[in-house]
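The values are calculated or read from the model by the stated rules, or taken from the named source; none is laboratory data. From a predicted model like this one, the values you see are computed outputs, not experimental measurements. Note: accessible area is taken over every heavy atom of the protein model, side chains too, but ligands, DNA and RNA are not part of it. Shrake-Rupley method; radii C 1.70, N 1.55, O 1.52, S 1.80 Å.
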Amino acid sequence: MKVYPDHFNKIFDDLSPYVVQRIMDYKFEHRLATAEERDDAILGMIRAIYHHELPVSGPARHPIWEAGWAENLKAFDPTKAGRELAKPRYHGKYPIVRWNGDLYVPESEDYEHNMLAVIQDWVFDKYLRNSDMVCEFGCGTGHNLFRVGDVNSNVTLVGLDWATSAVQFINLQAQAGAYSPNLAWAHGFDFFNPSLTFTPSKNCAFVTVASLEQVGSKWKPFFDFVMAIQPKVVIHIEPIEEVLDDRCLLDHLSREYFRKRGYLTGWLRHLQAAEKLGKAEIHRVARTFIGSKFIEGYTVIVWSPRR
């Protein structure tokens, strides 16, 4: 079956013509998983969570990310600089995805990658059109920054990542004109010991996409860092356990997988507590019902720090 803009109304109740066109351009197609495929996927989740060893996020994973982005760096070719060269290699690993509370089999090209792209298209279109600088933390190869540039041709794009290979890749891409007409560059950044070697603009925005997940419960240094910088808006597209319903089997397994991997925990509750104290304003929390086999990992949170 084909997926049309109307199918996203449960997620986004305010699709702009820009986002509608992007959804049409992606040409999404999927089918509902059969009973056998569904059982196989759920059994795979259960085995992974309760019977297998899984890598746990945190500082010890730094060499893994360094090596992963080094593959893109090794493949860099200035004559081919652009989006395709920056595309991450971890999407589409499994023949099953989460959509609208159930399991589906993708039938269109780059389905999982493009589903995340739609979320970015919506939130970037809504909140970043007037930003003069956007800093993405944990940016990898800078593949998400292209979609920021799509909605704002005047914004300065800044990629920040703890992997030197990712920083080098983005700077080579920028030098080759991949982000034109936007100005773009990258710096090193560590969520666990956050600091900047430049001064963000007063109208800057901070973005994380499936990267803050890696800090688990150790998010306080990053929160304090954001509060000190005071960006105009902060956007997260992350696995957020607080929006899941533990009475639902797929939600329960997603949450258990979060915990087994040591993914982000307590972040939304902390923002809500900060809002009650007048230290933050939460503009939007949107559960997207989009994810991969093991998790629903793309909840949107938009907020601003307050002094």
Quick one: how many Å² of Y18 are accessible to a 1.4 Å probe, rounded to 10? 50 Å²
Tell me the accessible surface of I282 in square angstrom (1.4 angstrom probe, heavy atoms of protein chains only), to the nearest ten. 30 Å²
Run the reach check for K87 against aspartates and glutamates, Cα to Cα strictly under 14 Å, same-chain hits fewer than 8 apart removed. What comes back? E71, D77, E109, D110, E112
In whole Hz, what ³J(HN,Hα) sequence does the range 63-72 give by Karplus (6.51, -1.76, 1.60; θ = phi - 60°), x for Gly and Pro? x, 5, 5, 4, 5, x, 6, 5, 5, 5
In whole angstrom, how long is each semi-axis of the equivalent ellipsoid of the range 42-117, when you take the square root of 5 times every eigenvalue of its Cα gyration tensor and sort them from largest down? 27, 21, 9
Please report the accessible area of R61 (heavy atoms, 1.4 Å probe, ligands and nucleic acids excluded) in Å², nearest 10. 50 Å²
When the chain is treated as a Gaussian network with springs between alpha carbons less than 10 Å apart, the largest mean-square fluctuation among L271, L145, L249 is found at L249
Would you mind checking which residues have amide H under 5 Å from N182's amide H? H placed 1.01 Å from N; only 5 or more apart, or other chain. none
In the structure displayed, which of K10/K260; K218/K276; K74/K220; K27/K93; K93/K126 lie more than 25 Å apart, Cα to Cα? K10/K260; K74/K220; K93/K126
Whole-Hz Karplus couplings 3J(HN,Hα) for the range 222-229, θ = phi - 60° and coefficients 6.51, -1.76, 1.60, Gly and Pro as x, run 6, 4, 4, 4, 4, 4, 6, 7
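Rank these by accessible area, largest first, 1.4 Å probe: T141, T197.
T197, T141
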Once you have all Cα-Cα distances for the range 160-278, histogram them in 10 Å bins from zero and send the whole-percent values. 12, 36, 32, 17, 4, 0
Please compute the Kirkwood hydrodynamic radius of the range 35-82 from all pairs of different C-alpha atoms, in Å with one decimal. 14.2 Å
Order by accessible surface, 1.4 Å probe, largest leading, for residues D40, D246, D190 comes to D40, D246, D190
The chain, helix-only ellipticity at 222 nm - DSSP H runs n ≥ 4, -39,500 (n - 2.57), divided by all residues, nearest 500: -11000 deg cm²/dmol
Taking Rg and Dmax of the Cα atoms in Å straight from the coordinates, which label in [x] 18.7, 54; [y] 21.5, 75; [z] 17.8, 57 is the correct one? [x]
Residue by residue through the range 15-27, which ³J(HN,Hα) values in whole Hz follow from phi under the Karplus form 6.51 cos²θ - 1.76 cosθ + 1.60 (θ = phi - 60°), with glycine and proline marked x? 5, 7, x, 4, 5, 4, 5, 4, 4, 5, 5, 6, 6
At what distance in angstrom do the alpha carbon centres of the range 232-262 and the range 112-130 lie from each other? 20 Å
Could you check how many percent of all C-alpha pairs in the range 60-200 are farther apart than 23 Å? 39 percent
Taking the range 174-234, how much of its Cα-Cα pair set, in percent, is spaced more than 12 angstrom apart? 74 percent
Taking N as the number of residues in the range 117-194, what is its alpha-carbon radius of gyration divided by 2.2 N^0.38 Å? 1.04
So who's got an amide H within less than 5 Å of the one on H283, skipping anything under 5 residues away but keeping other chains? H placed 1.01 Å off N, in plane. V302, W303, S304
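Could you work out what % of the accessible surface of the chain is carbon and sulfur, using a 1.4 angstrom probe and leaving DNA, RNA and ligands out of the count?
Exposed carbon and sulfur together represent 52 percent of the surface.
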